[in-house]
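Only one structure is covered here, and it is reproduced in the block below.
The values are calculated or read from the model by the stated rules, or taken from the named source; none is laboratory data. Values in this document were obtained by computation on a predicted structure and should not be read as measured data. Cβ placement follows ideal geometry from the backbone for every residue including glycine, while neighbour counts extend to all protein chains displayed.
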Amino acid sequence: MTHFLLYLLPLFWFLQSEHSLEGKWNMYRSETFENILTSKNFQLQDEESRQAIAETFSKVIDGYFYDFKKDTVIFTNYSNFEIHELKGIWWTDGDTLIIGRLDKISVQKYFISKLDEKELHLQLIVPRQTEPSKSRLMFKKE
């Protein structure tokens, strides 16, 4: 019986962590954006360019979210100077979140570096790279 419980505990933890992703998560911080805004190259740009980039980053942060349901997700993406709402399917593989878009054949993977009742931190996993991005995308639960 003890061996049986030892096998059930990891399964229970996995199911709990997957369900804890459910709900709406709004972006509040992007370390990538922060790195760009504090870079020497950014500081060398003219005021108009710096302002345009900062406004774009602000628009993205204010508009980005993931709304996880049982097996589907509504999320946003920034392209062509606009925030677009998309739909996909999602699942986890250990500490990796996988999102498949429904509008095209595209899968994106993220390392889940933090997940609790209030916060979700994701690190992009770029295809063909062995490590996830060092910069985190940070979300708060609505």
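Screening Leu122, Leu102, Leu137, Leu86 for residues that are in contact (Cβ under 8 Å) with a residue 24 or more places away in the chain and out of contact with any helix residue (DSSP H, G or I) (no Cβ under 9 Å at 6 or more places or on another chain) leaves exactly one candidate, Leu122. Phe111: crowded, with 17+ Cβ neighbours inside 10 Å and among the hydrophobic types (A, V, I, L, M, F, W, C), yes or no? So Phe111 fits the description; yes. Per the listing Ile99, Ile105, Ile61, the residue uniquely β-branched (Val, Ile, Thr), buried (at least 16 other Cβ atoms within 10 Å of the Cβ) and over 17 Å from Glu22 (Cα atoms) is Ile61.
Among the residues of the stretch 89-100, not a single one is within 20 Å of Val60 (Cβ to Cβ), out of contact with any Pro (no Cβ under 6 Å at 6 or more places or on another chain) and not aliphatic (A, V, I, L, M). Residue-level analysis places Leu44 among those that are surrounded by fewer than 14 Cβ atoms within 10 Å (Cβ to Cβ), among the hydrophobic types (A, V, I, L, M, F, W, C) and modelled with pLDDT of 95 or more. Counted as qualifying within the stretch 67-142 are the strands (runs of 3 or more DSSP E) with 1 or more residues that are more than 16 Å from Trp25 (Cα to Cα) and out of contact with any Gly (no Cβ under 7 Å at 6 or more places or on another chain), namely 72-79, 82-93, 96-101, 106-115, 119-125.
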